[in-house]
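What follows is a short report on a single structure.
We did not get these values from a lab; they are worked out from the coordinates using the rules stated. Worth saying up front: this structure is predicted, and the values here are computed from it rather than measured. Neighbour counts are summed over all protein chains in view; Cβ atoms, including those assigned to glycine, are modelled from backbone coordinates with ideal geometry.
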């Protein structure tokens with residue numbers, strides 16, 4: 001008789017973008033061997049599992065939400081946390097009290113953050129963490145960039161939003177300084193991030209083929225993050241054929257060094273951008289080809305699903321995390337400073353709205 005896997009992650013098989021793609025691929029990884037139940041991560045519900053059921057998914061910072069309320073039940077075969085991770089103590093410290101209760105933490109992030117784990121407050125989690133790469137369905141982001149613009153006329157694009165904390169984590173002030181140094185005319189933004197004197201397209205639906213023509217105008221996708229797990233827009237840009245220019249703090253490693261800019265050094269970043277403006281077409285096409293090869297080989301959902309199953313099926317090691325008083329104080333202080341802190345007014349309102357939607361959907 002099949003056991004049940006309880007998946008707590010945004011889930012909708014009709015949606016092909018993140019975060020739903022992650023939840024959908026958790027479903028695809030598990031539905032052969034498990035009965036599946038899916039839940040909204042903001043739900044205030046508590047799960048009462050049968051013996052040897054599996055708990056897997058995303059934990060909210062609010063202590064009354066479903067993962068936190070359900071994780072301590074003794075009937076679970078395994079309890080596995082799956083969510084994006086980076087080295088920002090403000091973003092991640094709310095997990096400090098939940099990770100010791102889990103068997104594993106599957107961290108969706110680039111390898112940069114794992115290499116820097118020992119230098120961080122999170123090094124005590126090392127034995128619990130398995131790094132996993134994000135996947136991308138390249139059919140959703142068809143190749144469009146057959147030819148780069150001529151030297152000196154190449155264009156740069158930023159895709160992102162303007163939420164308050166993202167302006168910090170994604171380091172958009174640095175982006176603005178780079179644009180001021182290089183010149184505004186060659187840059188544009190997509191999303192709800194507006195930068196003064198820079199062309200702004202607003203929200204764009206990339207499911208529509210007409211919008212692929214917009215992307216085709218641009219040569220480079222610029223990311224200046226200082227705390228980013230692994231933004232999916234980098235992979236989307238590669239799939240379109242656009243060259244990413246990024247800080248290593250975007251999480252991604254393994255691409256040609258030409259594509260990386262330093263963190264918070266405007267002069268060096270501008271110098272790199274001006275260099276790329278004058279790189280010959282043959283070299284750009286070569287780098288484009290290599291990027292596409294890496295994307296197809298490494299960042300696919302098949303790899304993601306296989307790694308999920310590997311973690312589920314591995315033998316339990318029963319490693320216990322024990323914090324000292326000083327560590328707990330640090331985690332608690334950063335948790336309260338976090339934009340995710342559950343007692344912030346906007347987070348309380350968000351939880352109420354989300355659960356009203358869940359309730360209305362249930363009675364419809």
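Couple of notes before you dig in:
- Axis angle, to the nearest 10 degrees, between helix 266-277 and the longest C-alpha principal axis of the chain: 60 degrees.
- With Cα atoms, 0 to 90° folded angle of helix 172-182 axis to the chain main axis: 10
- Globularity index of the range 1-143 is 1.06 (Cα radius of gyration / 2.2 N^0.38 Å, N = number of residues).
- For the pair the range 296-364 / the range 1-53, the C-alpha centres are spaced 14 Å from each other.
- Packing-based ranking of 231-238, 327-334 yields 231-238, 327-334, ordered from highest to lowest mean Cβ neighbour count within 10 Å.
- Normalised contact order of the range 138-298, rounded percent, pairs of Cα under 8 Å and 6 or more residues apart: 27
- The range 2-42 shape via C-alpha gyration tensor axes, a/c threshold 1.5: oblate
- Dividing the radius of gyration of the alpha carbons in the chain by their Kirkwood radius gives 0.98 for Rg/Rh.
- The long axis of helix 281-298 is offset from the longest Cα principal axis of the chain by roughly 10 degrees.
- In this calculation the C-beta distance from residue 180 to residue 313 is compared with R0 = 45 Å, giving a FRET efficiency of 0.30.
- Relative contact order of the chain, pairs being alpha-carbon contacts under 8 Å that are 6 or more residues apart, as %: 18
- Global geometry of the range 221-342, whether rounded, prolate or oblate, following the gyration tensor of its Cα atoms and the 1.5 cut on a/c: oblate
- Fraction of beta bridges assigned by DSSP in the chain that are antiparallel (%, nearest 5): 0
- Cα gyration tensor shape for the range 138-298, rounded if a/c is under 1.5, else prolate or oblate: rounded
- CD proxy at 222 nm, helix term only [per DSSP H run n ≥ 4: -39500 (n - 2.57); per residue of the chain; nearest 500]: -11000 deg cm²/dmol
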